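Here's a structure for you.
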Amino acid sequence: MSNQLSCLKEEMKLIPEKSKDIREYLMYLGYVRHFDEPVTIARAYAIESLFENHKKYIYANDLVAGSIRGKWSCDLMITEADSQHAERVVRSYGFNTFLMNTDHFAPDYETLLTEGIEGILGKIRQSMEKYQNNEEKKTFLKATEISMRAFSTMIGQYGDAALKKCAEIHEQKPNLLKISEICAKIKYKKPDTFHEALQLVWLAHTAFLYEGRLAMALGRMDQYLYPFYKRDIQDGILTKEQALALVECTLYKIGESAYSGRDDVVNIAIGGVKPENGDAVNELSYLILEAVKNCKIPGPNLSARIHCETPDEFLDECLKVVGTGLGYPALMNDEVNIPALYRHGYTIEDCRNYSMVGCIENFITGKQPPWTDGRYNVPKYIELAMNNGRCMLTGVQLGPETGEPSTFTTMDDFLNALKIQMEFGAAEYMMFFRNENDRYNKIAYAQPFLSCFCRDCIERGLDINNGGSIYPSVHGAGCMGIGTFADSLAAVDDVVFNKKLISLQTLKEALLSDFKGYEELQSLLLNAPKYGNNNPAADKYAVLFVTLTNEIFSKYRTRDGGAIYTAIATNVQNIPAGKQVGATPDGRHACAPLSDAASPMHGMDKNGPTSVVNSVTKPDYTMVSCGTVLNQKYSPSMFTDPEKRAKLLAMIKTYFKKGGQEIQINAVSRDILYDAMGNPENYKDLVVRVSGFSAYYTSLDKAVQLDILERTEHE
Amino acid sequence: MKGIVSGMQHFSVGDGPGIRTTVFMQGCNLRCEWCHNPETISFKPVFLYYKNLCRNCGLCQKRCPQGAHLMMGRTHHFNRERCNLCGECIRYCPAGALKISGKETALSEVMEYILEDMEFYSSSNGGVTISGGEPLCQADFTAAIAKECKKHNIHVIVDTAGNVDFSSFEKVLSYTDCFFFDVKGTSERDYLSKTGGSLKLSLENMMRLISGGCNVVARIPVIPSYNDSENDCNIMAGLLNQVGVKQVHLLPFHRLGAGKYAALGKSYPYEQCVPPSKQQMQKLADIFAAHGFESRVDG
Ligand code: SF4
Ligand code: SF4
């Protein structure tokens, strides 16, 4: 860790005073001077006010300026009455929301860095000339110009603030002087050095945060910054250590989001292939990995793209970082993600240049409108198919009447009913999404600043959400509960139709009563084949899950003709989604959590990680264009012992070779082991791996469990 | 062909190089006091009841035709003598508290399990470890598994205490890439009293393997106040030098098997025994290194 980072960490411990977020008031100051202007222009002035009027906070120990502390601190005297009045005005102009394509975006930083603000403003001018007879486009372009100029001013202000900080602390800080020099240059001119480039990107990111955007990605940092890095190193004006300190100070400020009470997810993609193909890993990829490790905060959501020629050394470095307990980088398989995107008609170069937004969502960097997604609760449709379309929790008729289970004589009859329920559910899902997504007129709700970071908006004179971007908007339908789904169908198949131990009607009664009085039946269901054990009887229904959801959603389009991707990645959401689902045929109680993301049901994978891999790789994930998440846990020694780490590495490479899409690994912490002692039912899969010995952690005596706990601390 | 198998485990990472599948054979001719796999000792299947997992739901009582499970009030009691190992109750237990170790298993079933992980063996230079129990007590079956593995080019380790007639080794050695050979004492008397077997026999077998050109690793379980002193290690190093073995793995004693003793209704004599520390293990490994062995701490 660089000395600068340790100093910055110290300085940032001072949490800003909890006061009101003044963003709305700042926007009001913009609107209020332009009530007579078209709404697009008024919006641009609101952005201008946000950028120019927020207080530019500088950390004395920082190397790269740009802080969101200005959201709370302000030199203006704003009374409660002031903000109430401002609120009325700002609310009237209205806000874009997540479902209207506003955040979860990977900006085109490449253009910003190669052309600079000067270049972008030049392009805006050119376009204005080109469209001088088109009022609508001219208005939009004027809005982009206002916002870009405001951004330029903001950069200059950060430079001035850095100088002022020196005066404030009565110290000539070379790092602050450097910041002021850099800002004075890049507020207009394109950056020439690594430091300048990084500063420009970070201020653009900061500007997005002032606009109120969430989950804005930094994209392929190791690619767009590399030319600057390489040149500086060659010219001898930058050392590796200096570069590390710069990246650390930048990324550590992602942690500022905690001041607002929630961690932001800022995705950074490293590694992978280049747009023209060939391995893209470079020194910066390693450096970013190192910086993220040293920052040790949850915000930078690091994704490492892996392809068949990724050097083992890089993957090994990734595992070392995972082993520190951070839980990332998440590992992404280019060999699946690129074809998964390619089938939607993007050029192959654009597919290879993908990055991720939010947690894992695949994104064509800087060439499509921001992301939206939702939750499609698949196990709910099993419940409806079992109950003639009626909700088991409320009795409401939620789906079509597909018949009482007593009328189903084969598994296929049941599956047909299920498919009808799922199709109806998807129609309803799309209705809700479309209504939300289309709620407001895209011209009135223009996004002039964001549009400057998406290819072709300026050239076309159109907003990012109004046909400006090269590619249309896409949407991700987060398909919940693949494990619950596969296990439930496998249990029905096994217990009802194969072994004929009970009738489907009895099963329905059991589900309706949440297994009260049906405990024996529940046990049979719990002991039926389960997904995650390389058991074809269960795994085939996971395959069905992927093909069926893909088939159902490929019928639909977004408002501008983009695809509806499926996702099997809805982390944590499995808990709230489970609350809406009655008991399921896998033996799960009503309202209990569903299986998480693409992982098998918690505790049901009893054959170890290779069997999980064998099961999970059966579906074709090139159909899942948004992405999947497979969560796995390993004991810390798997990361610290180089020999064991090599085994883990081989495991992951095999997983990817077999067509796995993504894997997120966690080192099992002491907390988890403690929890397992108290709640063994949740940890049936936790295996203790010792030479010549096999046992599940939960089957061990308390005293022995404590032994292992002790070991974990020392490893 | 059939054998009796206690269990099989994918992704074994402590049983040799790479990612391995370990086949635990049922039945052993030794009685090591500290054994951590007590369920594999008997040549007949044994029933395990994990009281710590039991939710006292009483479902097993309803299903058992022998009346082996008894609910007394709200607590479950298991009457081992009555159980005839039919397995019916296991299917109904919601908690996974019931198990049988030792199942007559066809060669094809073992192979099917092993072959599931082919891709992992090749990507990690792993393979199969046949352990137990004492795999050489079922030498024909072990040989059959090893032979099948070789057909698929899978690396095979046989993990044995080697207290068997050399003819058992002869059955497996042409299909075995490496023997993990347990050495469990420094003198004939100690060995007999702690394991019921013969040190001499095991060392002779080891020597014959090595002189026959087999790849052998000596694996030494380090048991506190039995063979964990520097002196013990010096003696063992001397013995192993004579035998001609080059590699030594030290395996620290652990108590992880305690729960299985309870599940078998047995008491565990090493309940209170404290496992050796990492530092101590490393010190002992260094002694072997000083004697010229390639030594390491495993486990
Ligand atoms: S295995 Fe059979 S006999 Fe033994 S306890 Fe279970 S049901 Fe009863
Ligand atoms: S079925 Fe299982 S959990 Fe229930 S009483 Fe028997 S052993 Fe205990």
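Could you tell me which residue of region A:498-527 is surrounded by the most Cβ atoms within 10 Å (Cβ to Cβ), considering only residues that are small (Gly, Ala, Ser) and more than 10 Å from chain B (Cβ to nearest Cβ)?
Applying the filter and picking the extreme gives A:Ala510.
Here's a check for you: in region A:614-669, which residue that is within 9 Å of chain B (Cβ to nearest Cβ) and over 16 Å from A:Leu319 (Cβ atoms) is most open to solvent (accessible area, probe 1.4 Å)?
That would be A:Lys657.
Right, here's the next one. Do we have A:Asp560 as out of contact with any Pro (no Cβ under 7 Å at 6 or more places or on another chain) and assigned by TED's automatic domain parsing to the domain that holds A:Tyr518 here?
No; evaluated as a whole, the condition is false for this residue.
Does at least one position in region A:308-331 carry a residue that is open to solvent by less than 10 Å² (accessible area, probe 1.4 Å) and basic (Lys, Arg)?
For region A:308-331, residues open to solvent by less than 10 Å² (accessible area, probe 1.4 Å) and basic (Lys, Arg): absent.
Same structure, new question: Answer yes if at least one residue in region B:45-56 is within 14 Å of ligand 1 (Cβ to nearest atom), on the phi > 0 side of the Ramachandran plot and part of a loop (DSSP other than H, G, I, E, B), and no otherwise.
no
Anything in region B:49-92 that is within 6 Å of ligand 2 (Cβ to nearest atom) and either within 22 Å of B:Ala258 (Cα to Cα) or open to solvent by 50 Å² or more (accessible area, probe 1.4 Å) (or both)? List them, or say none.
Hits for region B:49-92 are B:Cys54, B:Arg55, B:Asn56, B:Cys57, B:His76.
Conditions tested, residue by residue: (1) without any contact (Cβ under 8 Å) to a residue 12 or more places away in the chain; (2) aromatic (Phe, Trp, Tyr); (3) more than 14 Å from chain A (Cβ to nearest Cβ); (4) over 19 Å from B:Gly96 (Cβ atoms).
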{"position": "B:His36", "(1), (2), (3), (4)": "no, no, no, yes"}
{"position": "B:Lys44", "(1), (2), (3), (4)": "no, no, yes, yes"}
{"position": "B:Tyr50", "(1), (2), (3), (4)": "no, yes, no, no"}
{"position": "B:Leu53", "(1), (2), (3), (4)": "no, no, no, no"}
{"position": "B:Asn56", "(1), (2), (3), (4)": "no, no, no, no"}
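Shifting gears a bit: Which one is surrounded by the most Cβ atoms within 10 Å (Cβ to Cβ), of the residues in region A:52-82 that are at pLDDT below 90 and over 32 Å from the mean Cα position of the chain (by Cα)?
That would be A:Ile78.
Something else: Could you tell me whether any residue of region A:16-24 is in contact with a Cys (Cβ under 7 Å, 6 or more places away or on another chain) and over 20 Å from A:Ile146 (Cβ atoms)? Show your work before the answer.
Restricting attention to region A:16-24, the residues satisfying the condition of being in contact with a Cys (Cβ under 7 Å, 6 or more places away or on another chain) are A:22.
From the residues that got through so far, the ones that are over 20 Å from A:Ile146 (Cβ atoms) too are A:22.
There is at least one residue in region A:16-24 that is in contact with a Cys (Cβ under 7 Å, 6 or more places away or on another chain) and over 20 Å from A:Ile146 (Cβ atoms).
Is at least one residue of region B:243-262 modelled with pLDDT under 90, open to solvent by 20 Å² or more (accessible area, probe 1.4 Å) and among the charged types (D, E, K, R)?
There is at least one residue in region B:243-262 that is modelled with pLDDT under 90, open to solvent by 20 Å² or more (accessible area, probe 1.4 Å) and among the charged types (D, E, K, R).
Also, I was wondering about something else. Out of A:Phe424, A:Phe433, I need the residue that is within 24 Å of A:Leu489 (Cβ to Cβ), surrounded by 15 or more Cβ atoms within 10 Å (Cβ to Cβ) and in the same structural domain as A:Val492 (by TED's automatic domain parsing). Which one? Reasoning before the result, please.
On the way: A:Phe433 fails: within 24 Å of A:Leu489 (Cβ to Cβ).
From the options A:Phe424, A:Phe433, the qualifying one is A:Phe424.
Any idea which of (1) part of a helix (DSSP H, G or I); (2) at pLDDT 95 or above is the one A:Glu436 doesn't satisfy?
(2)
Turning to a different aspect of this structure: Can you pull out the residues in region A:536-566 that are within 14 Å of chain B (Cβ to nearest Cβ) and open to solvent by 50 Å² or more (accessible area, probe 1.4 Å)?
The one that is within 14 Å of chain B (Cβ to nearest Cβ) and open to solvent by 50 Å² or more (accessible area, probe 1.4 Å): A:Pro536.
Turning to a different aspect of this structure: Filter region B:117-134 for residues that are within 9 Å of chain A (Cβ to nearest Cβ), assigned to a helix (DSSP H, G or I) and open to solvent by 10 Å² or more (accessible area, probe 1.4 Å) and give the result. Spell out the reasoning first.
To start, the set of residues in region B:117-134 that are within 9 Å of chain A (Cβ to nearest Cβ) comprises B:117, B:119-120, B:122-126, B:129, B:131-132.
Applying the additional criterion that residues be assigned to a helix (DSSP H, G or I) yields B:119-120, B:122-124.
Answer for region B:117-134, where residues must be within 9 Å of chain A (Cβ to nearest Cβ), assigned to a helix (DSSP H, G or I) and open to solvent by 10 Å² or more (accessible area, probe 1.4 Å): B:Glu119, B:Ser122, B:Ser123, B:Ser124.
In region A:270-304, which residues are part of a strand (DSSP E or B) and in contact (Cβ under 8 Å) with a residue 40 or more places away in the chain?
Within region A:270-304, A:Ile270, A:Gly271, A:Val273, A:Pro300, A:Asn301, A:Ser303 qualify.
Checking the condition surrounded by fewer than 18 Cβ atoms within 10 Å (Cβ to Cβ) and either within 29 Å of A:Val581 (Cβ to Cβ) or modelled with pLDDT of 95 or more (or both), which residue from A:Thr402, A:Thr409 passes?
So the residue among A:Thr402, A:Thr409 that is surrounded by fewer than 18 Cβ atoms within 10 Å (Cβ to Cβ) and either within 29 Å of A:Val581 (Cβ to Cβ) or modelled with pLDDT of 95 or more (or both) is A:Thr409.
Continuing with the same structure: For region B:277-299: of the residues being within 12 Å of another protein chain (Cβ to nearest Cβ) and under 23 Å from the mean Cα position of the chain (by Cα), which is surrounded by the fewest Cβ atoms within 10 Å (Cβ to Cβ)?
B:Ser277
Hey, another quick one. Looking only at residues that are within 16 Å of ligand 2 (Cβ to nearest atom) and free of Cβ contacts under 8 Å to residues at least 60 places away in the same chain in region B:96-112, which one is most open to solvent (accessible area, probe 1.4 Å)?
Result: B:Ile100.
Only one of (1) under 29 Å from B:Val46 (Cα atoms); (2) open to solvent by less than 40 Å² (accessible area, probe 1.4 Å); (3) at pLDDT 95 or above fails for B:Cys273. Which number is that?
So B:Cys273 meets the others, but not (3).
Still on this structure: Considering every residue within region B:195-213, establish whether at least one is outside any helix (DSSP H, G or I), more than 14 Å from chain A (Cβ to nearest Cβ) and among the hydrophobic types (A, V, I, L, M, F, W, C).
No, because not a single residue in region B:195-213 is outside any helix (DSSP H, G or I), more than 14 Å from chain A (Cβ to nearest Cβ) and among the hydrophobic types (A, V, I, L, M, F, W, C).
Further question on the same structure: Any residue in region A:407-429 that is under 15 Å from A:Asn387 (Cα atoms) sitting within a Cβ distance under 9 Å of a residue that is acidic (Asp, Glu)? List the pairs, counting only those 6 or more apart or interchain.
Cβ pairs passing all conditions: A:Thr407/A:Asp413; A:Phe414/A:Asp493; A:Gln421/A:Glu383.
Just to be sure, is B:Arg74 near ligand 1 (Cβ under 9 Å from one of its atoms) and out of contact with any strand residue (DSSP E or B) (no Cβ under 8 Å at 6 or more places or on another chain)?
So B:Arg74 fails the test.
To continue, here is another question. Determine, yes or no, whether B:Ser42 is small (Gly, Ala, Ser), away from ligand 1 (no atom under 12 Å from the Cβ), crowded, with 16+ Cβ neighbours inside 10 Å and assigned to a strand (DSSP E or B).
Here the answer is no, as B:Ser42 does not meet what is asked.
A further question on this structure: Could you check region A:327-421 for helices (runs of 4 or more DSSP H) lying wholly inside it with 3 or more residues that are more than 30 Å from A:Lys442 (Cα to Cα) and out of contact with any Gly (no Cβ under 6 Å at 6 or more places or on another chain)?
Values: elements: A:334-342, A:348-352, A:378-386.
Qualifying helices (runs of 4 or more DSSP H): A:334-342, A:378-386.
Now a separate question. Where residues in region B:77-102 are farther than 16 Å from B:Val46 by Cβ and charged (D, E, K, R), which of them is nearest to ligand 1 (Cβ to nearest atom)?
B:Glu88
Does A:Tyr674 meet the test of being in the same structural domain as A:Tyr346 (by TED's automatic domain parsing), of a type in the set (Phe, Trp, Tyr) and open to solvent by 20 Å² or more (accessible area, probe 1.4 Å)?
Considered against the rule, which asks whether it is in the same structural domain as A:Tyr346 (by TED's automatic domain parsing), of a type in the set (Phe, Trp, Tyr) and open to solvent by 20 Å² or more (accessible area, probe 1.4 Å), A:Tyr674 comes out as yes.
The values are calculated or read from the model by the stated rules, or taken from the named source; none is laboratory data. In this text the structure is predicted, and so the values were computed from the model without any measurement. We place every Cβ from the backbone using ideal geometry, glycine too, and count neighbours over all the protein chains shown. In case anyone asks, the SASA skips ligands and DNA or RNA and just uses the protein heavy atoms, side chains included. Shrake-Rupley method; radii C 1.70, N 1.55, O 1.52, S 1.80 Å.
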